[in-house]
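Only one structure is covered here, and it is reproduced in the block below.
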Amino acid sequence: MSADTAMAAKYRNNFLKEIEEQVEMGDWVKMCMQCGVCSGSCPTNFQSAWEHPPQELFMMIRAGKREEVLTTTSMWNCTSCYNCIVRCPRKLPITHIMHGIAEYAHRLGKAPKMQPTRFFSGLFWKNATKTGRVNELKLSMGLYFKDGFGAGIKEGMKMKDVALGLMKAKRLNPFELLGGHKCKDQKGIQAMLKKAYEIERARKAAKMAG
Ligand code: SF4
Ligand code: SF4
């Protein structure tokens, strides 16, 4: 049984409880009084760019719209600017709830696969944890080529003047593609990450079993 099916069965008809128990800071959702200040203040929601802005997501959670909330791209649009938190009259930690719902949707395998923020987060994490240092050139290349070889070349050509300028200013070294900077104690980094994964896995398993 998938994690999604198991959770849907466990919290049958009580999506609010599921969010309260499984999502970081999810227990704050019930405090929302639907004033709309968060959605109106969100700089990434200009021209109603979000499918469901924060206020609406909170209402949908309470209304049990499980599928719609977990599969939307909305919470992935949050850039952690904290505008909403500062303004919310009920002091909801909206930013953290947005990231919490996104992480939960990802954990259940319901997050939209090619949503750019989600894609970039995965790419950045793999890049940074490999050697303990971010290889910016490989990171950019990974992003350019995400839609295939042809699209990558096209994107690279568009950026060639910027790349040449960076090379002239010694801010970009093409040889970084062959390896690049690494942390001295890479074994230490990997051991630290392994331990952190273990702790996180145990915490999430306990939550799921809860
Ligand atoms: S600002 Fe706060 S209380 Fe108002 S809708 Fe947003 S989360 Fe709810
Ligand atoms: S923290 Fe996220 S949800 Fe809140 S205003 Fe900024 S972008 Fe919008």
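The values are calculated or read from the model by the stated rules, or taken from the named source; none is laboratory data. Note that this is a predicted model, so its numbers are computed, not measured. Here the Cβ is made from the backbone with ideal geometry for all residues, glycine too, and neighbour counts use every protein chain on show.
Numbers for the structure displayed
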| quantity | calculated |
| --- | --- |
| All positions within the stretch 9-24 that are surrounded by 18 or more Cβ atoms within 10 Å (Cβ to Cβ) and out of contact with any Gly (no Cβ under 9 Å at 6 or more places or on another chain) | Tyr11 |
| Enumeration of residues in the stretch 182-210 that are assigned to a loop (DSSP other than H, G, I, E, B) and either closer than 26 Å to Tyr11 by Cα or of a type in the set (Gly, Ala, Ser) (or both) | Gly210 |
| Cβ-Cβ under 8 Å pairs, at least 6 apart or on other chains, the stretch 27-55 side β-branched (Val, Ile, Thr), far side near ligand 1 (Cβ under 10 Å from one of its atoms) and assigned to a loop (DSSP other than H, G, I, E, B) | Val29/Leu92; Val37/Cys88; Val37/Pro89 |
| Helices (runs of 4 or more DSSP H) completely within the stretch 93-160 that count 1 or more residues being within 30 Å of Pro54 (Cα to Cα) | 94-107, 116-131, 136-144 |
| Helices (runs of 4 or more DSSP H) completely within the stretch 37-88 that count 2 or more residues being among the polar types (S, T, N, Q) | 37-41 |
| In the stretch 88-104, residue nearest to the chain's Cα centre (by Cα) [restricted to those that are more than 12 Å from Thr44 (Cβ to Cβ) and either surrounded by fewer than 15 Cβ atoms within 10 Å (Cβ to Cβ) or near ligand 2 (Cβ under 6 Å from one of its atoms) (or both)] | Ile94 |
| Criterion (within 24 Å of Arg201 (Cβ to Cβ) and of a type in the set (Ser, Thr, Tyr)) met by exactly one of Ser74, Ser2, Ser80 | Ser2 |
| Residue match in the stretch 46-64 (condition: more than 15 Å from ligand 1 (Cβ to nearest atom), over 26 Å from Glu200 (Cα atoms) and touching a Leu at 6+ places or on another chain (Cβ under 9 Å)) | yes |
| Qualifying residue in the stretch 23-33 (condition: closer than 18 Å to Pro89 by Cβ, assigned by TED's automatic domain parsing to the domain that holds Pro93 and more than 10 Å from ligand 1 (Cβ to nearest atom)) | yes |
| First in the stretch 93-115 and within 15 Å of Asn77 (Cβ to Cβ), second anywhere and away from ligand 1 (no atom under 16 Å from the Cβ) and in a helix (DSSP H, G or I), Cβ under 6 Å, 6 or more apart | Ala102/Trp76; Ala105/Leu70; Ala111/Ala105; Ala111/Arg118; Gln115/Trp76 |
